[in-house]
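Peer 1: Pasting a structure here, questions to come.
The values are calculated or read from the model by the stated rules, or taken from the named source; none is laboratory data. Just so we're clear, the structure is a prediction, and the values are computed from it rather than from any experiment. Quick reminder, even Gly has a Cβ in these numbers, built from the backbone with ideal geometry, and neighbours come from all protein chains shown.
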Amino acid sequence: MNKHGETRVLGRVRRDEFIGRADELRRVVSHGQASSHGDRGKGLLVLLAPLSGVSELLRQAYDEIFLQQSDVVPVYFALPQTETTAVSAAIEFLNAFLVQYVACRRNEPELAHTSLTLTDVVQLAPPSDADWIEELVEAYNRERFSEDDRALVRFCLSAPSRVPSHGATPFVMFDAVQLSAYSHDTVPLASEIIRALTLSDQAFVFAGLRREVADTFASAGINARSLEVIHLQPLLEADAGKLIESVSRRLNVGIKDETRDLLAQQLEGSPLFINALLQSARDKHTVLDSYLACERLYVDEIMGGQLSRYFASALERVASDPGTRRAIVRLLCESTTTSAVAGRRASFETWEKRLELDAVEVEKVLRRLHIQEFVNWDGDTINAEGGPEAWRDYLQSRFRLDALREPRALVVAELMSAALKRAPENVARNYRLGASLHMREVVSRFNSQRVPASLFDYSEFAELYKGVDPNEVAAALDVDKELIKLPQVFHTTSGASFSPEMRQFTPDDSCIVAHAFEGATYTDANEVVWLVAKIDSKLEADADLTALWLERLEALADRRALVRRQLWLIANEGFNAEASSLIRERAAFASSQQQFELLSARLSEGEGSLPHGDEGNEFVLVFPMGSDSELLAATTVEQIARRAQFTPEAINQIKTAIVEACINASEHSLSPDRKIYQRFRVEDDKLVVTIASRGVVPSNLEGRNGAGSDESHEATSGPSGDLSNEYGGAAEQRRGWGLKLIQTLMDEVEFERVDEGTSLRMTKYLRKST
Amino acid sequence: MGEPISSSVRSHIVGTTGIVYASDYLNKLTGEKIERECKKQLDSGCRTLVIDFSDAGIVNSIAVSILLGIIDIAEKKQARVVFSDVNDQTVQLFEMLGLIRHVVLARDEQEALTLFTPPTSTEAMSH
């Protein structure tokens, strides 16, 4: 029990200080608990991004299960970085397993991290477990003197499965982040671990670097698809900030809000780096109350502290030969610089030539760098832009010291100068990134919703609403009848991802490319790409700036052959008259920040949700097809429309339209469940009826899906509104009037996008009877 | 007043005029029943068909297409078609779908019967 009255076993931080991993912890613990309920043999993979930190997560899970003292015995084992042979690591595992098993069975937490010999373990074993533990140790002693290393490794790793069925069930949590340190060994440790865990009927956790685990399972011949998976990412910035506060409080390191935010951003949410830096601050009695103090400490860490040791060790695992390491550092530095300027990537041949190694060795080097995510290697080209900023600083410092032989003092001074200059830029960039993420998030929420068209036309918006009270603007938009239907966006990314040149125009992510579908079906004709850019302008953007951005977006679209495109420019204060005219000429959209915020507020969150969440006025009915059930729908809507004070004539029109929609759904959909799903929503000034059915989209509707009523009217009826003009011929031509009739009877008709079948949305505006 | 000739659709014959009553919901099935009944009446020598909508509530587009078919058949047999007691909403629907051009509308069955019946000498004199 610690001074806070909390018992910890292997955990290194208090439970309340373990930040940002609550969901993951709950999943690991419940996975272990499930093994006591007979739900055995289930593996849980924890796939982590480098520096995301998994050890404490597993130690916290260990403590929670240990302290429950159920019939599940947690076993946590992290592959040691220093024990670089498979045999020694396997023996270490056996020892850890037995010590932790006995500690848990005796409910003696302190025993779990005590260094005990196997003889000690046998003596400490509780009577109920003494026999099998003694037998296991005797068998081990026989095995260890054999000449077969692989058999010994296999024996040790399979020890948990030798617990008799009447004993408590071991729940092994294997921390294999250091797995690559064993890749030189003659015994394939990775395969043996996977084999031992998966052949056992016991639940387990296997945690490793995400790029390594898949390879490990594949080389062991085990299919990992059936296993449950947790993806562990670096901490979110808010959580990283909380962790910094918590650790600095615990270590008594002074910190301010500004420096907390700087470190959270600069250390990229890595618990390892955060702990290392704050530990260093404590050791050096440094108060982190300024950017200068933070960057000085950071540079110390890069030049010779824990961060330096971490990267040096990672590089040693990549290549044991110092000369090769120097060549790698040089190559990575040069590649990084080259990539940033021209977007070029190094070829495999370049690496082969520069490292002066044969292809097999270069492959090994690249594979290890790829696993650590220091590079992205697709088998051919190598992109060296990977890794955290601290890694790039480390590379630069090593390159200048080792290859260029520059004086250390100069390197330190310039690294610190660069870090200090970068700090405010990075913080500002982060704020801008936050705003651009908002932009991506808003675009992602388009989801075929209808919004006032004026939100995309700055000049019209300014004419209507400039100087108007914001509440009045919102109210006016509520009743705005000029709507546009947004596409359903399925992918958004930064403009720089499509065209690296965009980086020189937008240092942040304020240009995005969104792929989307218009209409209700996923067809080539409906595919459209939105190119959105936020223009930095304190006043209304002028024509020159606007033209420049329109050209940049057009150029990006041309370069990537994006045929159907929609340009959308956003400028804080909107656009002047000349700029607006340019925008109109290019059929682009333009919004001010105010319009953008209004748009964001109007878009509902998820697919299928209501624009205003006004579910109190919504009625949902499901009817079987056939048996004149459309009459039930008509009767229902009659009651609803009457309550909403629609005129008798309008009510009759709505009823007829619903009957037609139901008939269409019944006749054409080949519905598998033979049901019609109906939704009636009463809004202030309208009734919105949606009739949906599963099944196929009738061929006669495919071309019309997503079309608005105006467009449809033009296409389907003459000026007199007499629908028979073009269909009034032979009897067989007289069918198929349903949709046209609906379009005539209702004010707006459109097909909503659905994955299967059709969903027809019909709107009737209220013109109250007098 | 003539005798009923079908149990599924109410109808009767007055002279050479067959009168058929549309049901509450005029859809494919009820439309086809009316169609069958109308054909029967035409085959039996009726020269005028009156379809009475006094009980009809909703008429769907399939039924309208069937009604157009009845009009076609009647035209081929040189018979006339009268729709009687059609409510305003259904009239609007018929207008939209072009039926009105092909039929005569009567306020009620009585008016329909008089539209194509030669007036008696007394009635003719009173005008």
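Peer 1: Only one residue in A:S448, A:S444, A:S459, A:S397 is farther than 21 Å from A:V532 by Cβ and among the polar types (S, T, N, Q), so which one is that? So that I can check it myself, show each step before the final result.
Peer 2: On the way: A:S448 fails: farther than 21 Å from A:V532 by Cβ; A:S444 fails: farther than 21 Å from A:V532 by Cβ; A:S459 fails: farther than 21 Å from A:V532 by Cβ.
After ruling out the rest, the residue left standing is A:S397.
Peer 1: Condition check: crowded, with 19+ Cβ neighbours inside 10 Å and under 18 Å from A:Q69 (Cα atoms). Does A:Q202 satisfy that?
Peer 2: Working: crowded, with 19+ Cβ neighbours inside 10 Å: yes; under 18 Å from A:Q69 (Cα atoms): yes.
Yes.
Peer 1: Out of the residues in region A:651-665 meeting the condition of being of a type in the set (V, I, T) and at the interface with another protein chain (Cβ under 7 Å from one of its Cβ atoms), tell me which one is nearest to A:L745 (Cα to Cα). Give the derivation first.
Peer 2: Keep residues of region A:651-665 that are of a type in the set (V, I, T), which gives A:651, A:654, A:656, A:658-659, A:663.
Within this subset, residues satisfying the condition of being at the interface with another protein chain (Cβ under 7 Å from one of its Cβ atoms) are A:656, A:659, A:663.
Details: A:T656: 8, A:V659: 12, A:I663: 16 Å.
It comes out as A:T656.
Peer 1: Quick check on my filter: what residues within region A:642-657 are touching a residue at least 60 places away in the same chain (Cβ under 8 Å) and buried (at least 17 other Cβ atoms within 10 Å of the Cβ)?
Peer 2: Step one: filter region A:642-657 for residues touching a residue at least 60 places away in the same chain (Cβ under 8 Å), giving A:644-648, A:650, A:653-654, A:656-657.
Within region A:642-657, A:A644, A:F646, A:A650, A:Q653, A:I654, A:T656, A:A657 qualify.
Peer 1: Something else about it: Among the residues that make up region A:251-261, is at least one of them surrounded by 17 or more Cβ atoms within 10 Å (Cβ to Cβ) and small (G, A, S)? Spell out how you get there, then give the answer.
Peer 2: Of the residues in region A:251-261, the ones surrounded by 17 or more Cβ atoms within 10 Å (Cβ to Cβ) are A:253, A:255, A:259-261.
Restricting the remaining residues to those that are small (G, A, S) gives none.
Among the residues of region A:251-261, not one is surrounded by 17 or more Cβ atoms within 10 Å (Cβ to Cβ) and small (G, A, S), which makes the answer no.
Peer 1: Could you say which residue among A:R27, A:R59 is on the phi < 0 side of the Ramachandran plot, surrounded by 21 or more Cβ atoms within 10 Å (Cβ to Cβ) and under 28 Å from the mean Cα position of the chain (by Cα)?
Peer 2: Working: A:R27 fails: surrounded by 21 or more Cβ atoms within 10 Å (Cβ to Cβ).
Exactly one residue qualifies, and that residue is A:R59.
Peer 1: Run down A:L136, A:L111 and say which single residue is closer than 20 Å to A:R8 by Cβ and at pLDDT 90 or above. Give the steps one after another, and end with the answer.
Peer 2: On the way: A:L136 fails: closer than 20 Å to A:R8 by Cβ.
Of A:L136, A:L111, the one residue that is closer than 20 Å to A:R8 by Cβ and at pLDDT 90 or above is A:L111.
Peer 1: Filter region A:169-182 for residues that are within 21 Å of A:S128 (Cα to Cα) and either at pLDDT below 90 or not hydrophobic (A, V, I, L, M, F, W, C) (or both) and give the result. Let's see the steps before the verdict.
Peer 2: Within region A:169-182, the first condition is being within 21 Å of A:S128 (Cα to Cα), and the residues that meet it are A:169-172.
Once the filter is applied, which keeps residues that are within 21 Å of A:S128 (Cα to Cα) and either at pLDDT below 90 or not hydrophobic (A, V, I, L, M, F, W, C) (or both), region A:169-182 yields A:T169, A:P170.
Peer 1: Let me ask something additional. Scan region A:278-326 residue by residue and report those that are touching a strand residue (DSSP E or B) at 6+ places or on another chain (Cβ under 9 Å), more than 19 Å from A:R392 (Cα to Cα) and in a helix (DSSP H, G or I). Spell out how you get there, then give the answer.
Peer 2: Going through region A:278-326, the residues touching a strand residue (DSSP E or B) at 6+ places or on another chain (Cβ under 9 Å) turn out to be A:278, A:281, A:287-289, A:294, A:297.
Okay, now just the ones that are also more than 19 Å from A:R392 (Cα to Cα), so A:278, A:281, A:287-289.
Across region A:278-326, the qualifying residues are A:L278, A:A281.
Peer 1: Among the candidates B:I66, B:I70, B:I62, single out the residue that is within 11 Å of the chain's Cα centre (by Cα) and either assigned to a helix (DSSP H, G or I) or buried (at least 21 other Cβ atoms within 10 Å of the Cβ) (or both). Show your work before the answer.
Peer 2: Working: B:I66 fails: within 11 Å of the chain's Cα centre (by Cα); B:I62 fails: within 11 Å of the chain's Cα centre (by Cα).
Selected residue: B:I70, the only one of B:I66, B:I70, B:I62 that is within 11 Å of the chain's Cα centre (by Cα) and either assigned to a helix (DSSP H, G or I) or buried (at least 21 other Cβ atoms within 10 Å of the Cβ) (or both).
Peer 1: With a cut-off of at least 2 residues that are surrounded by fewer than 21 Cβ atoms within 10 Å (Cβ to Cβ) and touching an Asp or Glu at 6+ places or on another chain (Cβ under 9 Å), name the helices (runs of 4 or more DSSP H) lying wholly within region A:480-583.
Peer 2: Numbers: elements: A:495-498, A:502-505, A:543-559.
Of the helices (runs of 4 or more DSSP H) lying wholly inside region A:480-583, those with at least 2 residues that are surrounded by fewer than 21 Cβ atoms within 10 Å (Cβ to Cβ) and touching an Asp or Glu at 6+ places or on another chain (Cβ under 9 Å) span A:543-559.
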